[in-house]
Amino acid sequence: MLFTQLECMLFLFVVVLLFFFVKKNTYRKAILLCSNIYFYAYFDYRMTALLLLSVCVTYCISYAISKSCNQKQKVAFLATGILANVVVLAFFKYFNFFIENINHIVSGSLFSFDHLNIIVPLGISFYTFRFISYLVDVYRGEMGPRKSVDFMIYGTFFPIIVSGPISRASSFLPQLSELRVSGESLYKGYRLFVIGLFLKVFIADRVASYVNYFYSNNELFGTVTAWLAVAAYSVEIYCDFAGYSSMAIGIACMLGIRIEENFNFPYLAENIQDFWRRWHITLSDWIKDYLYIPLGGSRKGVRRQYVNYLTVMALCGLWHGAAWTFVLWGCLHGVMLVVHNIWRNAKYYSASISSSRCYTVFAKLLTFLSVTLCWVLFRSENMEQFLDIMVTLFAFDMNNGMLWVQPFVVFILLSFFVFHLLVDLKLKFVTVPLESKMTPTVLLCFLWLIVVFSPEKFEPFVYLQF
């Protein structure tokens with residue numbers, strides 16, 4: 001069930017109600033574990049066994065790591081645990097991708113490999129990363145072994161199981177020792193949930209109909225429509241994923257669990273490095289701590305640092321999907337990180353330049369434009385479509401295709417710009433602050449808009465496919 005479905009809201013209501021009236025922590029954990037399993041099984045009960053098996057294997061290996069006194073054994077157990085999780089992820093998500101590329105390489109030969117009819121388990125990319133980080137943290141001694149029930153709750157926690165955030169076990173598991181639910185946590189969670197629901201249903205889903213039609217028929221449209229659709233997709237993917245993250249964090253808050261923030265106005269970033277500090281923050285932190293730094297980070301010279309940027313961002317792209325468009329999207333971000341560092345280290349770059357208001361505005365606009373153009377590759381079905389759209393964007397021929405200006409999309413784009421401008425000016429009221437007396441009224445208006453102007457079709461969450 002999706003967070004936007006009525007049955008999910010009824011399910012959430014029942015779970016929160018049980019949590020509110022059941023006071024004993026042991027019973028609360030039992031309710032939470034059963035809720036997690038039911039939620040995941042509702043999507044596909046066949047994959048629930050795989051999830052539980054992955055949880056059990058990861059826990060057993062982490063326990064073996066913590067109890068081993070021999071360093072070589074610890075390394076062997078860690079490698080086994082990481083390999084087991086990666087192999088499962090690679091098989092279900094990338095097997096057919098690899099087979100397709102092998103068949104392309106050996107085309108014309110006497111043999112080829114058949115594709116398998118594989119169902120990709122929901123959330124496998126997210127929970128695989130969480131399991132790997134847990135194993136590494138136990139190996140590093142940053143946390144000791146936990147109760148098996150607690151780890152099972154962490155591994156199957158339903159608000160984040162499908163599309164994150166990628167919560168760390170070191171911050172999640174200690175909270176299970178005492179699950180505190182109060183009127184304050186319910187209100188905080190409700191606020192985050194409604195804001196996320198508004199971003200997803202009222203904005204992302206309604207904009208998606210425009211974007212989807214453009215990408216399905218991009219050859220029909222001209223430059224102006226292409227720029228509108230490309231900009232609209234930047235808004236859609238942000239509102240979709242940030243909306244999901246806000247709803248997930250809100251649900252967790254209602255259950256007395258704090259989940260790490262996942263977005264911090266990424267389109268206000270001054271450079272691509274700043275963008276990745278603000279966009280999908282839990283993934284960015286995971287890549288930094290478990291890929292970039294172990295590869296050497298910036299400790300082994302500038303050239304090695306640039307190679308590390310390109311490597312981790314290519315893997316980040318591959319993590320998003322089994323297609324070359326995702327890999328190239330990651331590589332483009334890697335190249336932009338390299339270019340940013342070259343610029344930052346240039347002799348004519350100075351703190352006085354970067355602190356000027358004109359430079360800051362220009363840098364933010366350039367970063368947003370760069371990210372937006374990269375989203376074209378991310379959204380395109382293949383390289384041919386990406387190149388066609390890029391040609392249309394920069395043809396600057398107003399008569400080269402149809403013009404389609406949807407008023408709602410224009411309104412959202414303008415509102416999105418004004419909203420970010422107000423946030424950049426440090427006007428706190430636009431973020432619907434928790435302590436404001438107007439917040440309940442604003443949230444009620446959000447719900448009214450969602451109900452009255454609901455989209456014709458509820459779109460699945462963009463990151464559901466990852």
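The values are calculated or read from the model by the stated rules, or taken from the named source; none is laboratory data. Treat the numbers as computed from the prediction; the structure is a model and nothing was measured. Every residue, glycine among them, receives a Cβ derived from its backbone with ideal geometry; neighbour counts consider all protein chains shown.
Of note:
- Flag if Ser246 is surrounded by fewer than 23 Cβ atoms within 10 Å (Cβ to Cβ) and either assigned by TED's automatic domain parsing to the domain that holds Tyr267 or more than 22 Å from Ile166 (Cβ to Cβ) (or both): no
- Output for the stretch 1-16, where each listed residue is buried (at least 17 other Cβ atoms within 10 Å of the Cβ) and free of Cβ contacts under 8 Å to residues at least 40 places away in the same chain: Cys8, Phe11
- Qualifying residues in the stretch 307-342 (those that are of a type in the set (S, T, N, Q) and either within 16 Å of the chain's Cα centre (by Cα) or under 20 Å from Val136 (Cβ atoms) (or both)) - the one surrounded by the most Cβ atoms within 10 Å (Cβ to Cβ): Asn308
- Residue in the stretch 137-149 that is surrounded by the fewest Cβ atoms within 10 Å (Cβ to Cβ), counting only those that are part of a loop (DSSP other than H, G, I, E, B) and of a type in the set (Lys, Arg): Lys147
Yes/no per residue for (1) at pLDDT below 95; (2) under 18 Å from Pro455 (Cβ atoms); (3) over 17 Å from the mean Cα position of the chain (by Cα):
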site	(1), (2), (3)
Gly222	yes, no, yes
Val230	no, no, yes
Ala248	no, no, no
Ile259	no, no, no
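- Qualifying position, being within 30 Å of Glu184 (Cβ to Cβ), of a type outside the set (Gly, Ala, Ser) and out of contact with any Cys (no Cβ under 8 Å at 6 or more places or on another chain), among Lys426, Lys457: Lys426
- The set of residues in the stretch 111-146 that are charged (D, E, K, R) and at pLDDT 85 or above comprises Arg130, Asp137, Arg140, Glu142.
- Flag for Arg304 being over 27 Å from the mean Cα position of the chain (by Cα), not in a helix (DSSP H, G or I) and not hydrophobic (A, V, I, L, M, F, W, C): no
- Any chance Ser163 is outside any helix (DSSP H, G or I) and of a type in the set (Gly, Ala, Ser): yes
- Applying the criterion of being in contact with a Phe, Trp or Tyr (Cβ under 9 Å, 6 or more places away or on another chain) and of a type in the set (A, V, I, L, M, F, W, C) to the residues of the stretch 400-411, the residue that is farthest from Thr225 (Cα to Cα) is Phe408.
- Thr48 of a type in the set (S, T, N, Q), assigned by TED's automatic domain parsing to the domain that holds Gln175, closer than 27 Å to Asn25 by Cα and within 23 Å of the chain's Cα centre (by Cα): yes
- Residue within the stretch 291-312 that is closer than 20 Å to Ile82 by Cα, among the hydrophobic types (A, V, I, L, M, F, W, C), touching a Cys at 6+ places or on another chain (Cβ under 7 Å) and assigned by TED's automatic domain parsing to the domain that holds Ile249 present: no
- For Ala314, the requirement of being touching a residue at least 24 places away in the same chain (Cβ under 8 Å) and among the hydrophobic types (A, V, I, L, M, F, W, C) is not met.
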